[in-house]
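The structure appears right after this line, and notes come after that.
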Amino acid sequence: MSILHVVSISGGKDSAATAILALETQPRESLRFVMADTGNEHESTLEYVEYMQRHLGIHIQILRADFSEEVVRFRDYVRDHWPRKGVPPADCERAIAALVPTGNPFLDLCIWKGRFPSRKAQFCTEFLKTKPLVEYQLSLIDSGQCEAVWSWQGVRIDESYSRRIRLQGTGACVRAFDVAGGGVYNYRPILRWTADDCFEAHRLVGLEPNPLYRQGMSRVGCMPCINANKDEVLEISKRFPRHIDRLEMWEARVSAASKRQEASFFPDPNRDAHLNKRGIRNVVAWSQTQRGGQVTDWIRVHEEPKACESAYGLCE
Ligand code: SF4
């Protein structure tokens, strides 16, 4: 049976280590590298993916989901149905004006859904990463380029508690390989690796890690991820204020397209406290506080970001 090995690249250390392992163990002609560009990537990550291609001598195909049709279809729905549902004409016009595709997958997905994803409704992963990747993999089989696809996924069980539970269950076994269906098999070769193991793989082939790891980021990928914690939000606001400005614009656009006229990238962190407003600026203000969210931590707010700061000891 002819097999193609499709390695998903995110720009992070785990997927880079997986790519290095695939290059070490599989014939080059059987390898395909893909990256799902969510439209919410840091420019350094996109540059890093270019660098990876040059350094490893590979081609990374960029996959971008397109929600133009969904946005336009929803605009037609708003025009035809909202007035009959009693939505005031001014609100209908506001939403119709906002329901225009931007060409950015993350933003268009949120405009279409009328909200941002959340921990409980993490639809971004499914629509922006999983679906484009599965479609690509099935197209390899449908077009006769192979009979089966091994989908190489750079996930590690020590990365997060929820991932450990999902992949390891009771701890009796670890699902490193399973059948996804339609001729596609999931393969997770670095499940038991540590973060250090991943950086060691980089060193073995002389590949620099994504520079964001030396700028205080413990994870790279979306900038920011909806799951970013308080410290990450503070670090991002100090190092990359442009991305906070962008999120503020995105919030205005998605709010205008939504019936509730309200959409925030992060949930309200302080529902009961004085920062009882939604929106990225309030989340940044909250990230500047000490535990409890009441008192601003002026030392951390005014502390200059270090030239090199890594949660993984890369600056030592
Ligand atoms: S990295 Fe975070 S924001 Fe981006 S798709 Fe994944 S869960 Fe969503």
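Some points to look at:
- Asp272 modelled with pLDDT under 90 and touching a Ser or Thr at 6+ places or on another chain (Cβ under 7 Å): no
- Those helices (runs of 4 or more DSSP H) of the stretch 75-151 in which at least 3 residues are over 19 Å from Met35 (Cα atoms), considering only elements entirely within it, cover 89-98, 105-113.
- The stretch 106-125, residues that are touching a residue at least 24 places away in the same chain (Cβ under 8 Å) and either away from the ligand (no atom under 15 Å from the Cβ) or farther than 25 Å from Trp82 by Cα (or both): Ile111, Trp112, Gly114, Ser118, Arg119, Gln122, Cys124
- Subset of the stretch 107-137 (residues that are under 10 Å from Ile226 (Cβ atoms) and open to solvent by less than 20 Å² (accessible area, probe 1.4 Å)): Phe116, Pro117, Cys124
- Among all residues of the stretch 92-105, there is at least one that is within 12 Å of the ligand (Cβ to nearest atom) and crowded, with 22+ Cβ neighbours inside 10 Å.
- Restricting the stretch 195-216 to residues that are at pLDDT 95 or above, outside any helix (DSSP H, G or I) and open to solvent by 10 Å² or more (accessible area, probe 1.4 Å), the residue that is farthest from the ligand (Cβ to nearest atom): Gly206
- Residue in the stretch 217-248 that is most open to solvent (accessible area, probe 1.4 Å), counting only those that are more than 16 Å from the ligand (Cβ to nearest atom) and without any contact (Cβ under 8 Å) to a residue 24 or more places away in the chain: Arg242
The values are calculated or read from the model by the stated rules, or taken from the named source; none is laboratory data. Remember, predicted model here, so these are calculated numbers, not experimental data. Reconstructed Cβ throughout: ideal geometry from the backbone, glycine too, with neighbour counts over all protein chains shown. Just so you know, the surface numbers come from the protein's heavy atoms only, side chains and all, with ligands and any DNA or RNA stripped out. Shrake-Rupley method; radii C 1.70, N 1.55, O 1.52, S 1.80 Å.
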